[in-house]
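Take a look at the structure below.
The values are calculated or read from the model by the stated rules, or taken from the named source; none is laboratory data. All figures in this text were calculated on a predicted structure; none of them were measured in a lab. Please note: Cβ atoms are built from the backbone with ideal geometry, for glycine as well, and neighbour counts cover all protein chains shown. Side chains are part of the model used for accessible areas, which takes the heavy atoms of the whole protein and leaves out ligands, DNA and RNA. Shrake-Rupley method; radii C 1.70, N 1.55, O 1.52, S 1.80 Å.
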Amino acid sequence: MSPVGRTRTAPDPRTEPALLRFAFVSCQKWDDGYYTAYRHLAEEDLDLVVHLGDYLYEYPVSGAIRQVEIPDYLATETETLEQYRVRYGLYKSDPDLQAAHARFPWIAVLDDHEVKNNWAGAHTGEAELARRAAAFQAYYENLPLRRSALPVGPAMGLHRRISWGQLADFTILDTRQYRDAHACHDGKSATCSARLNPGRSLLGTEQREWLLHGFETSPARWHVLGNQVPMTQSDLDPGPATRVWLDSWDGYVAERDLVLAEAAARGVRNLVVVTGDRHQNYAAELKADYADPDSATVGTEFVGTSISSSQDGQDLGEQGQALLAANPHLRFVNEQRGYARCFVTPELWQTDFRVVPYVTSPGAPVSTRASFVVEDGHPGLLEG
């Protein structure tokens, strides 16, 4: 017998609710640590949870941290439908994850590890497309998705809009399925000029036009982009070079600049991007042109850390310090595990970065490491 769960009906689309409470999460490698953050999340008073990808990882499973013996069929990389199904079975056996699913409705979208690390668009062979079809089928079977997301082979309809009355629109992006191949063969680079090429797309033409049309037609006060990879520039070099990850929007600069410019031009009142992937917490101001230090702030991005991926983490390590030194638009970086909690009213948006000090053993407490506020009609960050 399944435990009893609950869901929630969204508000009347003609009304503006006084409050929206939600959390966003990502990156939950089962064998990197316990899902203690989910136990704390399940005790919050929320309307919904947004999962931004890496619900599972395709790598062979280790039982070392959780002190369990792993059978041979889990100690191998996922490639077939049966293997992906079994991997979801392992992840969803966790009682803390079960509690979070039972407590709240979820908005879910995948990133890369639900298939394989850093996969990109249709730029692959038949074997990889077959693997993607298997991964999509298992994802659809295990996450709460609309019928419109039903996979057809290696294709799946994941981008969609969900309205919370006229207070907020969640525009859920798919930054994997339609993207161009990585510039300069992926990784990090300070010399990859191809990432600046106009015409390179992370979203694909059809999804990008759908996104821009939504900017123009949405009546919502807060326009929320559910996004898999960081949109803000995240330079790793405090010196004159710009060294970035090419898998994120930094590898597709022209399209990022276009999306941010069109959000402003088409009258988006408040653009807030919520993002996963990075296993770090960021509070960032989105700039019209990162090449110009005086460029206008056109939106805000909150990047949420992992539930367990990368194990315990730390408050601020060498990489986090470099990010803060190199990126004046980054107001906060933290490298612990946890989730982000958001309170949204007509007047302001508040994000609390909720962190746990460790995940390699159970029972960690949770605390709010930092809070940031965005005021209605004023892009940019204030400390909460």
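Brief remarks follow.
- Taking amide H atoms as placed 1.01 Å from N in the peptide plane, the amide H of LEU316 lies under 5 Å from those of GLU335, each 5 or more residues away in sequence or on another chain.
- The range 1-118 - percent of accessible surface contributed by carbon and sulfur, probe 1.4 Å: 52 percent
- Label sites at ASN118 and SER62, each approximated as a point 7 angstrom past Cα along Cα to Cβ, lie 2.1 nm apart.
- The range 12-134 - percent relative contact order, Cα under 8 Å, separation 6 or more: 31 percent
- Shape call, the range 151-288: gyration tensor on alpha carbons, a/c limit 1.5: prolate
- With every protein chain in place, the range 121-191: carbon and sulfur % of accessible area (1.4 Å): 53 percent
- Whole-Hz Karplus values for the range 54-59 come out as 6, 5, 9, 10, 7, 6 Hz, taken residue by residue from phi with 6.51 cos²θ - 1.76 cosθ + 1.60 and θ = phi - 60°; glycine and proline positions read x.
- The convex hull of the Cα atoms of the range 1-157, projected and averaged over all directions, covers 11.0 nm².
- For the range 334-345, backbone phi angles converted through the Karplus equation (6.51, -1.76, 1.60; θ = phi - 60°) give residue-by-residue couplings of 8, 10, 8, 8, x, 8, 10, 10, 10, 10, 10, 10 Hz, Gly and Pro being listed as x.
- Alpha carbon centroid spacing (whole Å) that separates the range 165-230 from the range 33-61: 24 Å
- For the range 1-88, GluC sites (Glu not before Pro) are listed when DSSP marks them as loop and at most 14 other Cβ atoms sit within 10 Å of their Cβ; the list is GLU43, GLU69, GLU77.
- Residues whose amide H lies under 5 Å from that of GLY53, counting only those 5 or more places away or on a different chain, are CYS27, VAL109; hydrogens are built 1.01 Å from N in the peptide plane.
- A compact globular protein would have a Cα radius of gyration near 2.2 N^0.38 Å; the ratio found for the chain is 0.93.
- Per-residue ³J(HN,Hα) for the range 85-98, Karplus 6.51 cos²θ - 1.76 cosθ + 1.60, θ = phi - 60°, Hz, x for Gly and Pro: 4, 5, 5, 4, x, 5, 4, 7, 6, 5, x, 6, 5, 4
- Look at the alpha carbon pairs under 8 Å that are at least 6 residues apart: their mean separation over the length of the chain gives a relative contact order of 19 percent.
- Between ARG266 and GLU82, residue separation times 0.36 nm minus the direct Cα-Cα distance comes to 61.7 nm.
- Translational D in µm²/s for the range 309-384 (Stokes-Einstein at 10 °C, 1.306 mPa s, Kirkwood Rh from C-alpha pairs): 115 µm²/s
- Solvent-accessible area per residue for the chain (1.4 angstrom probe, square angstrom): 39 Å²
- Each 5 Å bin from 0 upward holds the following percent of the Cα-Cα pairs of the range 219-341: 2, 11, 21, 25, 20, 12, 7, 2, 0.
- In the structure shown, the pairs LYS29/LYS188; LYS116/LYS188; LYS29/LYS287 are assessed against 27 Å; a Cα-Cα span above that value is assigned to LYS29/LYS287.
- Across ASP94, ASP292, ASP169, mean-square fluctuation computed from a Gaussian network of the chain (C-alpha pairs under 10 Å connected) peaks at ASP292.
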